[in-house]
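Below is one structure, written out as structure tokens; the observations come after it.
The values are calculated or read from the model by the stated rules, or taken from the named source; none is laboratory data. This is a predicted model, so every value here is computed, not measured. Glycine also receives a Cβ, built like all others from the backbone with ideal geometry; neighbour counts cover every protein chain displayed. Note: areas computed on protein heavy atoms with side chains; ligands, DNA, RNA excluded. Shrake-Rupley method; radii C 1.70, N 1.55, O 1.52, S 1.80 Å.
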Amino acid sequence: MKRNGLRTVLAAGFALAASVGAQAQNFPLRPVTLIVPWPAGGSTDVGMRALASAAEKHLGQSIVVENRPGGSGTLGPGQMAATARPDGYTIAQIPITVFRFPFMTKTTFDPSTDFTYIIGVSGYTFGVVVRDDAPWKSFQDLTADAKSNPGKINYGTPGAGTSLHITMEQIARQQGIKWTHVPFKGNADSMNALLGGHIHVVADSSGWAQLVNAGRFRLLVTWGVARTKNWPDVPTLREIGIDMVSNSPFGIAGPKGMDPKIVRVLHDAFKKGLEEPSDQELFYLSSEDYQNFAMRQIEEARRIITELGLGPKQE
């Protein structure tokens, strides 16, 4: 009886392994859900939808974008890590806040163990904008005013812990100034607040582009290595004496424990999608390189959050 029972258990185990192997071999058999942890219509959402549309042609199945905003871009990936099966049918965009938030507040996920990193995708074009009738004609004007009037100027970003928030605080620390952070849920909310005169400044990705091009916003500075092709007259931080570059590279990951064969299929489809023309600043990394990048970012996040005093308040 015991021997027969052992045979039954072993047979069941082999059958399960064979089933999992077959699923990986035949992946994908149905549409894949891509979680975008930002509101619909924002710059990240638009870019990720374009990439999904390009990648699905190479995947052989549709890629359905699902917006799950909240937690400065960490809510969606956190929910995926906690509830999704590692079968490749639920994946998520991973903003850099996923690496920072565990050092700022209690989270349900550990970025070093709870994700399977699939591919590094892109970075952002970040910049600082004010209304066209604002008194600051340059970023130097803005920082000089902030230095003379500590706490007077407030600025909006897509949320606490985002690269926009962190970089603005790094600038403040380096320049010896104090300004007030106003977090929003997404690009649309901060743009409307600036249009309505409720805040002075917005630091964000290129969701401000149309309003800048229409003359309603003034772009004071961008944060890349070089000037942008779309706004070549606007200087970078480095050009005005602030030695910083910020583009917040992001990628795509799934839950921990994904089969390497499934990871390869997804990686290859998205890589081919990246090769199609787009306005995104590409930051391609292979699965292995993206995993290594994530581990380095976690350690860098630990250091930056500690330096800026943005960690949890001690009782």
Item to check | Hits in region 1-45 (condition: modelled with pLDDT of 90 or more and surrounded by fewer than 20 Cβ atoms within 10 Å (Cβ to Cβ)) | outcome: ASN26, LEU29, ARG30, PRO31, THR33, PRO39, ALA40
Checklist entry - Looking at region 198-215, which of its residues are closer than 14 Å to VAL129 by Cβ, at pLDDT 95 or above and either β-branched (Val, Ile, Thr) or loosely packed, with under 15 Cβ neighbours inside 10 Å (or both)? => result ILE199, VAL201, VAL202, VAL212, ASN213, ALA214, GLY215
Item to check | Filtered residue count, region 107-144, keeping only those that are outside any loop (DSSP other than H, G, I, E, B), among the hydrophobic types (A, V, I, L, M, F, W, C) and open to solvent by less than 30 Å² (accessible area, probe 1.4 Å) | outcome: 9
Checklist outcome for this item: When region 171-184 is checked residue by residue, the ones that are in contact with a Ser or Thr (Cβ under 8 Å, 6 or more places away or on another chain), surrounded by 19 or more Cβ atoms within 10 Å (Cβ to Cβ) and over 15 Å from HIS200 (Cα atoms) are ILE171, ILE177
Checklist entry - When region 145-165 is examined, which residues are found to be within 21 Å of GLY71 (Cα to Cα), open to solvent by less than 10 Å² (accessible area, probe 1.4 Å) and among the small types (Gly, Ala, Ser)? => result GLY156, GLY159, GLY161, SER163
Checklist entry - Do we find that ILE96 is within 17 Å of PRO255 (Cα to Cα), modelled with pLDDT under 95 and aliphatic (A, V, I, L, M) in this structure? => result yes
Checklist entry - Given MET191, MET168, MET104, which one is buried (at least 16 other Cβ atoms within 10 Å of the Cβ) and in contact with a His (Cβ under 8 Å, 6 or more places away or on another chain)? => result MET168
Next on the checklist: Can you say whether ARG218 is more than 21 Å from TRP38 (Cα to Cα), modelled with pLDDT under 95 and either open to solvent by 60 Å² or more (accessible area, probe 1.4 Å) or out of contact with any Ser or Thr (no Cβ under 8 Å at 6 or more places or on another chain) (or both), as far as the supplied structure shows?
Outcome noted: no
Checklist entry - Taking region 46-97 as the search range and keeping residues that are at positive phi and in a helix (DSSP H, G or I), which one is surrounded by the fewest Cβ atoms within 10 Å (Cβ to Cβ)? => result GLY71
Item to check | Members of region 189-200 that are within 18 Å of SER138 (Cα to Cα) and in contact with a Gly (Cβ under 7 Å, 6 or more places away or on another chain) | outcome: LEU194, ILE199
Next on the checklist: With in a helix (DSSP H, G or I), modelled with pLDDT under 95 and surrounded by fewer than 19 Cβ atoms within 10 Å (Cβ to Cβ) as the only criterion, which of ARG264, ARG303, ARG296 stands out?
Outcome noted: ARG303
Checklist entry - So which pairs qualify, if the first residue must be in region 129-143 and farther than 21 Å from GLU239 by Cβ and acidic (Asp, Glu), the second must be open to solvent by less than 80 Å² (accessible area, probe 1.4 Å) and assigned to a strand (DSSP E or B), the Cβ gap must be under 7 Å, and the two must be at least 6 apart or on different chains? => result ASP132/PHE217; ASP132/ARG218
